[in-house]
Structure formats: structure tokens, C-alpha cells
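See below for the structure under consideration.
The values are calculated or read from the model by the stated rules, or taken from the named source; none is laboratory data. Owing to the predicted nature of the structure, the values given are computational and were not obtained by experimental measurement. Note that each Cβ is placed from the backbone with ideal geometry, even for glycine, and that neighbours are counted across all protein chains shown.
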Amino acid sequence: MGMGKRIWAHRSRVRVMALLLAAAASAPAWAREGVEVGERSVFADMVSAEQVEQQATLQYQQTLKTAADHRALAPVDNAQVRRLRAIAQKIIPLAGEWNERARQWKWEVNLIGSNQINAFCMPGGKIVFYTGILKTLELSDDEVAMVMGHEIAHALREHARERMGKSTITSGAARLGGALLSGWLGIPSGVMDIAAQQGANLLTLKFGREDESEADLVGMELAARAGFDPRAGVSLWQKMGAANKGAPPQWLSTHPSGDTRIAEIEANLPKVMPLYERARQAKASEAPPDKAP
């Protein structure tokens, strides 16, 4: 290659690199494949993560002890326990993308015999399902993954820390606002304290709905990346709605209404279905020829 051609090739490579760098610089910092939920709340930084996780671990241990004392803690060889842990093993490796601390958490999954239609994941990765949610709703593996992903998302997004920080702010503001209004309007401070606290409670409820919606989306993505059908979120909340008739109106609840959740899940399905299809194809390529789906 002559000198002129080498110079031309070098300049071409420089131009290409400049274009790539410019494109990278102009791309939004938050751009990623999957759902969009924004940055983690600054309120969470008001409380120590270590402290919250330690408290959660103590509460979790007490919960298991109480269940064991009442012979309600399912043994490790229980079929449903094995099922829950198998699903968790597919989801947990994906948690670190959402929270670096999760890579060091000592994850556990347990099942408690109770009619409660409930499940939770405490900070630090302590997951508990109640038999009521499995039996009453007759959950498929995909639906279990949606519930588990949702509860794990609460822990990954540190909603417990966030709620504690928000509670500190709203309760303090409520007391201050009550005192100021009492002096200005000449109304006994006790009356204004009650009114102000009610306002703080409504703010807390709003925060709760936002957390729940965020957990729905993050949980749906986790389940999809783990190879579980995210469309199961629709059937899950249809079942939940049928089982929870008579629930309070959405504006007086810490949870969005079932219809609201279903609409949001359906709106975000196009963002996670490619992740699910990719995970399913990867699973199919790894399976032996005689067992491939």
C-alpha cells in the first residue's frame, strides 16, 4: 500500500472513531434495553443500607421461627419449596444489574403455610411465599416468577430505605405545618396536628403506589430475562383482582388498582418480550436435542 493510501485509510479510521464517539456522547446516559423507571430515590440515602438489611434479617429470622414454632414452615424437600427455589435460581443472577449490593446478599427462599395471598422479599434477599397465594390463585411458574420478580424488585430498588427516608420528611413537615397553621388560624394545635398527619398519610400512600408500579415493571423485566413469559402479569392481576374484591379505592390504597397494573404491564410488554424470546431461544439451544421445546 502506498503512502497516500495509508494516510487516507488512517484518516478514514479517525473519522469513523470520531463519529462513534460523538454518537456515544449524544446517547442518553440512561438508555438501556428493557423498562424505564428512572433513578433510585435520594430519600433512600437518608438511611443506612447496612442497618436496614440487618433489621430485615432479624425480622426475617423471627418470622421463620414463629412459623416453625407453629409447624407452618415448609421443609426443604417440600415440592413447592423446590419449585420456588428453582425459579429463584433463574432470577437472582440477574439482580446485580439493578443493585450492586445484591451480588453479595445471602439469598434465601422459604414457604410458610398460611391462607394469606402474599409474598415478600426483604432487603438482603430474604424471600418468603405463603401457601395461600400459590393455592388460591393456582399460579403457573410464569405467574410465580412475576410475583417473585416484583418482590425482589422492591428489595433491589431499596423501597424500604426510601419509605423510611420519606417517612422522616413527611412526618416532620406535618408537625411543622400543623404548628404554623395553628398559630396563623388560631385553631387548637391538636386539631391541626390530626389534619396535617392525615395529609402526610396520603403522601405516604402515594409513594407506596409509585413503588408498587416500579416493582411491577422491574419484576416483569427480571422474569422475562430469566425466561418466564411476562404476559403472565396480566393473568396474575386478573386472578388477584378476582380474589381481592371489595378492596379500597386506588386513591386510598398503597397499591394501584388491578386494572391500572394490567394496563401498565400491557403498555410495557413490547419492551420486555424481546428479552423473553431471547432467553427462551437460549434455553432451547442449550437443551439436548430430544428434550428441546
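On the stretch given as the stretch 60-107, residues that are closer than 16 Å to Y130 by Cβ, in a helix (DSSP H, G or I) and touching a residue at least 12 places away in the same chain (Cβ under 8 Å) total 11. Among the conditions (1) modelled with pLDDT of 95 or more; (2) at negative phi, the only one that E138 does not satisfy is (2). When restricted to residues that are of a type in the set (G, A, S) and crowded, with 17+ Cβ neighbours inside 10 Å, the stretch 76-112 contains 3.
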